[in-house]
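So the structure is just underneath, and the comments pick up after that.
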Amino acid sequence: KRALYLEVVRRLTTIPEVAVEELPPGTVAERAAAAVDWFLDAVERHRGLWLSVGTGAAGDIDVDAILAEADEIAADRVLGALAPHAPDDPYRARVRSFFGLVRSASREWLVRGTLDRAGTRALLVEVLVAVLRPDSQV
C-alpha cells in the first residue's frame, strides 16, 4: 500500500513531459497561461491529495523527497518550455521560488476561498511570466 501511495504522490506532483510537449505555440505569456491551466485542472481533479501533500512539506521523509525531486523536474521542464534562453542558476532559483507561491495560492483557492480559480490563474500566470522575463536584475 505504501509503495502505491508514494507512486500516486509522485505522479500527482511531477509534471509529465507530455504536458510540456503539448503546450501550444505562442508567446511566453500564452504558453505560461496554458501551463498554469494544465496545472489547475490537475489540482482540481485531485484536490484532496494535492492539499494533503502538494501544498507543502508532508513531514514524511519519502514524500518530502518526492516533492523535492518533483520541484527539480518541474524547474527543468518550465525552463525548457518557456525560457530556453535562460542561464540555469538565477532562473532555476526564481522558478523554484515560484513553486512556493503556487502552493500558497492553491491553499488560498481551495481551502480559504480567498481566491477563485480565475484569480489564482491570473496571479500565477502574471508571476510566472515575470519570473521568466529576462532583465538586468537577474
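Odds and ends about this structure:
- Just so you know, in segment 84-114 the residues that are over 22 Å from residue 72 (Cα atoms) and buried (at least 18 other Cβ atoms within 10 Å of the Cβ) include one that is modelled with the lowest pLDDT, and it is 110.
- Checking 3, 68, 34, 29 one by one, the residue that is farther than 14 Å from residue 102 by Cβ, part of a helix (DSSP H, G or I), open to solvent by less than 50 Å² (accessible area, probe 1.4 Å) and without any contact (Cβ under 8 Å) to a residue 24 or more places away in the chain is 34 and no other.
- Looking across segment 6-26 at every residue that is β-branched (Val, Ile, Thr) and open to solvent by 60 Å² or more (accessible area, probe 1.4 Å), the one that is farthest from residue 75 (Cα to Cα) is identified as 8.
- Residue within segment 44-55 that is of a type in the set (Phe, Trp, Tyr) and crowded, with 18+ Cβ neighbours inside 10 Å present: yes
The values are calculated or read from the model by the stated rules, or taken from the named source; none is laboratory data. What you are looking at is a predicted structure, and each value in this text was computed from that prediction instead of being measured. Cβ sites come from the backbone with ideal geometry, for glycine too, and all protein chains shown count toward neighbours. To get the accessible areas, we keep the full protein, side chains included, count just its heavy atoms, and leave off ligands, DNA and RNA. Shrake-Rupley method; radii C 1.70, N 1.55, O 1.52, S 1.80 Å.
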